[in-house]
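One structure is given below, encoded as structure tokens.
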Amino acid sequence: MDVQWMKAKLQEFADLAQEYYEALYGLRDLRVVDLSTWELYEALTAREATIKRILRKLDPALAEFDVIFGPDSTTAARNAVSRARVGIGALNDREEWVRRLAPDSPVLPADRLHDWVWGAARTLWESSHRRLAVQAAATAINAQAQTKLGRRDVSDDKLMQEAFSPNDPERGRPRLRCPGDPADPTIQSRQRGALQFAVGCFGAIRNPATHEHREWDEEEAFESMAALSILARWIDSWQVVTAS
């Protein structure tokens, strides 16, 4: 919506309606009306349709008035002024309504992220090195996964491919398994999804955090750490299975 245009139209109408009200209020006999008062009436009626369209956008009840010339015209003019001014007030406060009346959104404190993530990232994050904080978190996850799986020969996305692979473990290549019945289609789906997610975290988050030179904004960096936190929880909690 063009809020400034709406406010300008309502203000113009309110000013004209106020003039019309004051002109009518001083009349003793509506049968004797000067040209300027009649011109005000015509100016208001010419704008009435547009003003009602604007007011309906804000609150349909605000558009329930009529500009008239007759026995109740003074009351009608005062009512028109009031409706237009209410509309202006609504537009003035519109941005504040959005901010103040929005539903409470969930908040995730950084220290609620997985310990591997926040523990590695905290110092860098607090010094506003957000990209490097994300890199440190991913590096910590890689190290923890290597330790849990007893792997030092692979790292990063290659390590994730082998760790989350749904294939049977091989000698020296243990796997991480999603908790639950391995024959359950949902568990199988989670296993496949975790593989794709884990590889994606290293390809789309860890690698840019390592090789880019620009600083990341807070939202981008925190969302990246939240994704890494999910991955860390899976690695931390899923079972290691080895070749028999």
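If the condition is being crowded, with 16+ Cβ neighbours inside 10 Å and either without any contact (Cβ under 8 Å) to a residue 12 or more places away in the chain or not assigned by TED's automatic domain parsing to the domain that holds TRP234 (or both), then segment 154-165 contributes only VAL154. Starting from residues that are touching a strand residue (DSSP E or B) at 6+ places or on another chain (Cβ under 9 Å) and assigned to a loop (DSSP other than H, G, I, E, B), keep the ones in segment 121-153 and report whichever is surrounded by the most Cβ atoms within 10 Å (Cβ to Cβ). Among them, the one singled out is ARG151.
Note on segment 182-217: among residues that are exposed (fewer than 11 other Cβ atoms within 10 Å of the Cβ), of a type outside the set (Val, Ile, Thr) and in a helix (DSSP H, G or I), the one that is farthest from the chain's Cα centre (by Cα) is PRO185.
Quick check on segment 166-175: of everything there that is closer than 26 Å to ALA136 by Cα and touching a strand residue (DSSP E or B) at 6+ places or on another chain (Cβ under 6 Å), which residue is surrounded by the most Cβ atoms within 10 Å (Cβ to Cβ)?
The qualifying residue surrounded by the most Cβ atoms within 10 Å (Cβ to Cβ) is ARG175.
Tallying residues that are among the charged types (D, E, K, R), free of Cβ contacts under 8 Å to residues at least 12 places away in the same chain and farther than 21 Å from ILE235 by Cβ within segment 108-130 yields 1. When residues in segment 115-131 are screened for being touching a helix residue (DSSP H, G or I) at 6+ places or on another chain (Cβ under 6 Å) and either of a type in the set (D, E, K, R) or over 24 Å from HIS211 (Cβ atoms) (or both), 2 of them pass.
Residue-by-condition table, conditions (1) at pLDDT below 95; (2) touching a helix residue (DSSP H, G or I) at 6+ places or on another chain (Cβ under 7 Å); (3) on the phi > 0 side of the Ramachandran plot:
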| position | (1), (2), (3) |
| --- | --- |
| ARG190 | no, no, no |
| ALA198 | no, yes, no |
| GLU219 | yes, no, no |
| GLU223 | no, no, no |
| TRP234 | no, yes, no |
| GLN239 | no, no, no |
| ALA243 | yes, no, no |
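Residue-wise test of (1) under 37 Å from the mean Cα position of the chain (by Cα); (2) part of a helix (DSSP H, G or I); (3) buried (at least 19 other Cβ atoms within 10 Å of the Cβ).
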site	(1), (2), (3)
LYS57	yes, yes, no
ASP66	no, no, no
PRO71	no, no, no
THR75	no, yes, no
SER82	yes, yes, no
VAL86	yes, yes, no
GLY89	yes, yes, no
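The values are calculated or read from the model by the stated rules, or taken from the named source; none is laboratory data. It should be emphasised that the depicted structure is a prediction, and the values quoted were computed from it without experimental measurement. Note that we place each Cβ from the backbone using ideal geometry, even for glycine, and neighbour counts take in every protein chain shown.
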